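This report concerns only the one structure given below.
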Amino acid sequence: MTSANEQAALAISSHRFDEAIPFVADDVVWDVVGAGIVNGRDDLIEACRTLQTELIGTTVTFDRLRAIVAADSVVVDSVATYTDSAGDESVVASCDIYDFAGDRIVAIRSFNVELDVMIDSDGQEDG
């Protein structure tokens with residue numbers, strides 16, 4: 001059975017932001033390693049809305065999406081293929097670490113890297 005914290009973490013990591021917003025603390029800090037830090041719930045919501053806008057017309061297929069749950073943390077490991085309206089694809093591997101205080105996300109640390117390889121349906125390198 002999936003916990004509410006795991007569901008909230010998976011929702012953000014899979015771009016289903018509206019599902020997760022009720023679980024975000026007012027003073028949340030989101031560290032996107034190498035890209036910057038988002039401070040506070042309002043700025044996190046704005047960053048999510050911006051990403052949603054950027055993804056309009058893009059199909060996102062998760063080749064891997066799994067969560068590892070600890071006492072006050074959830075780690076989400078994912079590999080996603082992004083296909084834009086012109087058919088161009090990019091594959092991105094991500095690791096998102098969520099820290100919770102009760103049922104509220106208080107911190108997120110995200111690592112993202114674009115891969116040069118394609119990933120098969122089992123989440124393995126293809127070719």
Fill in: Identity of the residue in the range 13-56, of a type in the set (D, E, K, R) and part of a helix (DSSP H, G or I), that ends up nearest to residue 101 (Cα to Cα)
41
Worksheet item: Can you name the residue in the range 66-83 that is under 21 Å from residue 24 (Cα atoms), without any contact (Cβ under 8 Å) to a residue 60 or more places away in the chain and in contact with a Ser or Thr (Cβ under 8 Å, 6 or more places away or on another chain) and is also surrounded by the fewest Cβ atoms within 10 Å (Cβ to Cβ) among such residues?
Response: 66
Practice prompt. Working only within the range 40-52, note down all residues that are over 12 Å from residue 24 (Cβ atoms), touching a residue at least 12 places away in the same chain (Cβ under 8 Å) and not aliphatic (A, V, I, L, M).
Written response: 49, 52
Worksheet item: Quick one: residue 34 ticks every box in (1) more than 15 Å from residue 109 (Cα to Cα); (2) over 15 Å from the mean Cα position of the chain (by Cα); (3) small (Gly, Ala, Ser) bar one, so which box is it?
Response: (1)
Discussion item. Condition first: under 13 Å from residue 14 (Cα atoms) and surrounded by 12 or more Cβ atoms within 10 Å (Cβ to Cβ). Now tell me which residues in the range 41-65 satisfy that.
Written reply: 48, 52, 55, 59, 60, 61, 62, 63, 64, 65
Item to complete: Go through 99, 26, 31 for me and flag whichever is at pLDDT 95 or above, within 23 Å of residue 4 (Cα to Cα) and surrounded by fewer than 12 Cβ atoms within 10 Å (Cβ to Cβ).
Response: 26
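The values are calculated or read from the model by the stated rules, or taken from the named source; none is laboratory data. Since the model is a prediction, treat every value here as computed from it, not as a measurement. When we count neighbours, we look across all protein chains shown, and the Cβ atoms used for this are built from the backbone with ideal geometry, even at glycine.
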